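Right, one structure below, let's go through it.
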Amino acid sequence: MGAVGVTIFYVVRATRGVHGHSEVQGRIFGFAWLVGFSAFFTLVGALAHQGASPTVLGLLGATGPLLVTSMVYFVGAAIWLDWPMLAMGVWLAVVVAAGVWTGPVTVLLIDAVAGGGGFLVMTLYLATRRRG
């Protein structure tokens, strides 16, 4: 919840004064996060209610948030023609597709190392691109 609060604070601060078409794009992008994660957690709850195995729920719990994030990154890349965002969306989808085959425990390691590593690599790329 703390991360959500900090994110909201910085997004509101960064977008203050943005109006028109860009404001609508940003609101739709933000709404995609809300809808995507709400649908995902509803899906997990329904599967648990229907008796899905702990293995299935573990795999979903580990890969679902990355998959939703990947798809929202695709939306953002389409809205703003942001190629690094598209690359990150593709990378996260690859991490999910590969990691889900490793089982509910190992997938967490794959997500952390490959998914988190992807974010670190992209951060370094964006930081060096802005300086140059």
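The figures follow:
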item: Members of the stretch 1-59 found to be at pLDDT 85 or above and of a type in the set (Val, Ile, Thr), listed by number; result: Val24, Ile28, Val35, Thr42, Val44, Thr55, Val56
item: Test for Val35: is it among the β-branched types (Val, Ile, Thr) and under 27 Å from Val56 (Cα atoms); result: yes
item: The stretch 38-53 residues that are closer than 22 Å to Thr69 by Cα, paired with ones that are of a type in the set (Val, Ile, Thr) (beta carbon under 9 Å, 6 or more apart); result: Ala39/Val68; Phe40/Val68; Leu47/Val56
item: Single unsatisfied condition, Gly26 versus (1) part of a helix (DSSP H, G or I); (2) surrounded by fewer than 14 Cβ atoms within 10 Å (Cβ to Cβ); (3) free of Cβ contacts under 8 Å to residues at least 24 places away in the same chain; result: (2)
item: Set Thr55, Thr42: member being in a helix (DSSP H, G or I), polar (S, T, N, Q) and loosely packed, with under 11 Cβ neighbours inside 10 Å; result: Thr42
item: The stretch 100-118 residues that are free of Cβ contacts under 8 Å to residues at least 24 places away in the same chain, paired with ones that are among the aromatic types (Phe, Trp, Tyr) (beta carbon under 9 Å, 6 or more apart); result: Ala114/Trp91
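The values are calculated or read from the model by the stated rules, or taken from the named source; none is laboratory data. Everything numeric in this text was worked out from a predicted model, so none of it was measured. Every residue, glycine among them, receives a Cβ derived from its backbone with ideal geometry; neighbour counts consider all protein chains shown.
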